[in-house]
Amino acid sequence: MKKLLLIGAGHAHLHIMKKFQEEQLDIEVTIVSPSDYQYYSGMFSGYMEGVYSEEEMRVHLPSLADRAGVTFVNGAALSIDAKGKVVLTEKGDVLSYDILSVDIGSYTAGINVPGARNHALRIKPNYRIEEVAKKMWEAENPVIVGGGAAGIEIALSLTARRRKEGKKAVTLISHSKLLQASPMKAQSKIEQIARNKEMHLYLEEAVSNVTTNHVVTSSGNNISYDQLLWLTGPKAPDLFRASKLPIDQAGYLLVEDTLQVKEYPAIFAVGDCATLRDYPDLPKAGVVAVKQSEVLWENLKAFLQQKDGVRFQPKKAYLSILSTGEEEGLLLYGKHILHHHLSWKLKNKIDRRFMEKYKTTDA
């Protein structure tokens, strides 16, 4: 019997396990993940604000795997031998495969700033969210570094929680304008929202040094903190470079529009950990992994049956909704921008619907 090995339990691999509940294939399936729980990043802001509980934003992987007839292995991939078709985990397990799929997300960029690695909290890998949230909730003077979607969304949600508790707002530091990759209108809107919520903003200031209780910026500002959260965008996992697999300049695994590595067609990859050769500028966002899920399922089956697969064709624009706290959301879709409580309601509905598909009786 052929062996399918799934590394990581990101959005697409949750979908694959769900499909195995519905459709039986003549294949032995194993999934490897470093935590028994997979946390849904779309709900992190709501969790930080106190809207969602831990149970509502996480999936119990051993239970989901058991229902799908999949073997769950607690561990993290250390290296991939593409020619020998084996994966080594950090615990020393050697796992063989006929087909391999990787969905491990990305890591945190910019952590090499002096002092950051030692003093800053990080959410990635995402099973850290509970301990990070607890520390940020209890902080007297929380600071967040990162003006992208994750940084601003978490900062606004945490600020909303703190306002209810009578505490001062969060300080946010960004080397650029907020939401730099978005249209100017969206950048201006999110900055206006942050200032209206009385957040402390340091924009277009890079962090040059981090001490035990201060962040030093490029302009010489010395910003005090007691908890520091680093949310500075995605960084490629070291796994692919270490395994000598084809990568782009940033170190992400390079795949074709069939989601396969050209040189090793038995290897598939989806989501933030991979770059599509024909669409190198595709954003590292969960919505892309969700859209790739069905293509991955069809192509895993096609490869097993020695048939031609289907091709992933990205949309020109993807819907994005950022929670801005207090049950309000900023909806971005192409040139369309809407800040309203209805935006948040839509996001809440989408997120809860996504999670409901993968919930089991085990929390």
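The values are calculated or read from the model by the stated rules, or taken from the named source; none is laboratory data. Remember, predicted model here, so these are calculated numbers, not experimental data. Neighbour counts are summed over all protein chains in view; Cβ atoms, including those assigned to glycine, are modelled from backbone coordinates with ideal geometry. For the accessible areas, the whole protein counts, side chains as well, though only heavy atoms, and no ligand, DNA or RNA atoms are used. Shrake-Rupley method; radii C 1.70, N 1.55, O 1.52, S 1.80 Å.
Points worth noting:
- Within the range 210-257, the residues that satisfy the criterion of being more than 30 Å from GLU90 (Cα to Cα) and either among the aromatic types (Phe, Trp, Tyr) or assigned to a loop (DSSP other than H, G, I, E, B) (or both) are THR211, THR212, ASN213, SER218, SER219, GLY220, ASN221, TYR225, ASP226, ASP257.
Every residue, every condition in (1) over 30 Å from HIS339 (Cα atoms); (2) surrounded by 20 or more Cβ atoms within 10 Å (Cβ to Cβ); (3) not small (Gly, Ala, Ser), yes or no:
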residue	(1), (2), (3)
ALA194	no, yes, no
LEU229	no, yes, yes
LYS235	no, no, yes
ASP257	yes, no, yes
TYR264	yes, no, yes
TRP297	yes, no, yes
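- Residues being out of contact with any His (no Cβ under 9 Å at 6 or more places or on another chain), open to solvent by 10 Å² or more (accessible area, probe 1.4 Å) and either among the aromatic types (Phe, Trp, Tyr) or in a loop (DSSP other than H, G, I, E, B) (or both) - total across the range 154-175: 4
- The helices (runs of 4 or more DSSP H) located wholly in the range 17-92 that include 1 or more residues which are touching a Gly at 6+ places or on another chain (Cβ under 8 Å) and open to solvent by less than 20 Å² (accessible area, probe 1.4 Å) occupy 44-49, 54-57.
- The range 329-363, subset assigned to a strand (DSSP E or B) and in contact (Cβ under 8 Å) with a residue 60 or more places away in the chain, residue surrounded by the fewest Cβ atoms within 10 Å (Cβ to Cβ): ILE337
- For the range 184-202, filtered to residues that are over 23 Å from THR217 (Cα atoms) and free of Cβ contacts under 8 Å to residues at least 40 places away in the same chain, the residue that is nearest to the chain's Cα centre (by Cα) is MET184.
- Each residue in the range 308-325 was checked for being in contact (Cβ under 8 Å) with a residue 40 or more places away in the chain and open to solvent by less than 80 Å² (accessible area, probe 1.4 Å), and 8 pass.
- Inside the range 106-153, residues that are assigned to a helix (DSSP H, G or I) and open to solvent by 10 Å² or more (accessible area, probe 1.4 Å) make up a count of 15.
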